[in-house]
Amino acid sequence: MNLEKLYKMQTALDQHIEEKHQLTSEDLVDRKILALLVEIGELANETRCFKFWSTKPASDKSVILEEFVDGIHFILSLGIESEFQIEEIKVSQESRENGRSTSEQFLEVYKSINEFRTNRTEKNYLTMFQEYLILARLLDFSEKEIEQAYIEKNEVNYERQQKGY
């Protein structure tokens with residue numbers, strides 16, 4: 001995944017939104033963290049991984065991927081806001097076999113976000129990003145799929161801004 005490209009795209013989108021909504025002097029970290037948590041909840045809902053009481057299947061992979069990249073937008077944005085732009089993130093194939101279920105990995109992602117909010121260090125930012133990418137592996141998303149879906153959703157986000165979303 002070309003993180004440099006994605007950070008640049010996210011920086012441009014963030015600047016556009018912040019200027020349009022007169023937010024350039026505001027600290028948006030807590031609101032971005034809350035937005036990320038909400039997006040991850042929406043993602044979990046589409047996977048239905050925690051719905052032990054239901055027999056309804058998960059949404060289509062394309063829907064789940066679109067929800068996943070919503071989280072990528074906010075993770076990148078938090079990195080930019082915190083001046084932590086990671087050049088490369090390695091998530092080993094073994095992370096998929098770490099014994100965690102998808103539901104357990106969602107909880108690890110939530111935990112890592114809370115740790116980042118409590119102690120906003122580059123190490124905690126990297127951990128948060130890595131835990132989210134481990135979730136991607138469990139959901140069978142490749143880096144190429146994530147990058148392409150991010151680019152497509154970034155365009156949608158610009159269109160939404162033009163239409164007063």
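Of TYR7, ILE40, LEU23, which is farthest along the charge dipole of the stretch 1-54 in the positive direction, counting Lys and Arg as +1 and Asp and Glu as -1 at C-beta?
ILE40
Can you pull out the chymotrypsin sites (Phe, Trp or Tyr not before Pro) in the stretch 51-81 whose DSSP state is coil and whose Cβ has at most 11 other Cβ atoms within 10 Å?
Working: sites: PHE52, TRP53, PHE68, PHE74; in loops: PHE52, TRP53.
Within the stretch 51-81, the qualifying chymotrypsin sites (Phe, Trp or Tyr not before Pro) (loop, at most 11 other Cβ atoms within 10 Å) are PHE52, TRP53.
Given labels modelled 7 Å from the Cα in the Cβ direction, how far is it in nm from ASP60 to ASP27?
4.3
Among the listed pairs LYS51/LYS90; LYS5/LYS32; LYS123/LYS163; LYS20/LYS56, which have their C-alpha atoms separated by more than 32 angstrom in this model?
LYS123/LYS163; LYS20/LYS56
Can you tally the net charge around GLU39? Count Lys and Arg as +1, Asp and Glu as -1, for every other residue whose Cβ sits under 9 Å from the Cβ of GLU39.
Value of the local net charge: -3.
For the chain, what relative contact order do you get, as a whole percent, if you take Cα pairs closer than 8 Å and at least 6 residues apart?
It comes to 32 percent, rounded to a whole number.
Under a Cβ-only charge scheme (Lys and Arg +1, Asp and Glu -1), can you give me the dipole magnitude of the chain about the Cα centre, in debye to the nearest 20?
Numbers: 21 positive and 32 negative charges, 89 e Å.
Result for the chain is approximately 420 debye, rounded to the nearest 20.
Just to compare against my own numbers: the Cα pair-distance distribution for the stretch 7-56, 10 Å bins, whole % per bin, please.
21, 34, 24, 14, 6
Indicate the gyration tensor shape class of the stretch 1-143 (rounded, prolate or oblate), computed on the Cα atoms with a ≥ b ≥ c the square roots of the eigenvalues: a/c under 1.5 is rounded; otherwise a/b larger than b/c is prolate and the rest oblate.
prolate
Laboratory data are not the source of any read-out in this text; all were calculated from the coordinates shown. From a predicted model like this one, the values you see are computed outputs, not experimental measurements. Every residue, glycine as well, gets a Cβ built from its backbone with ideal geometry; the counts of neighbours run over all protein chains shown.
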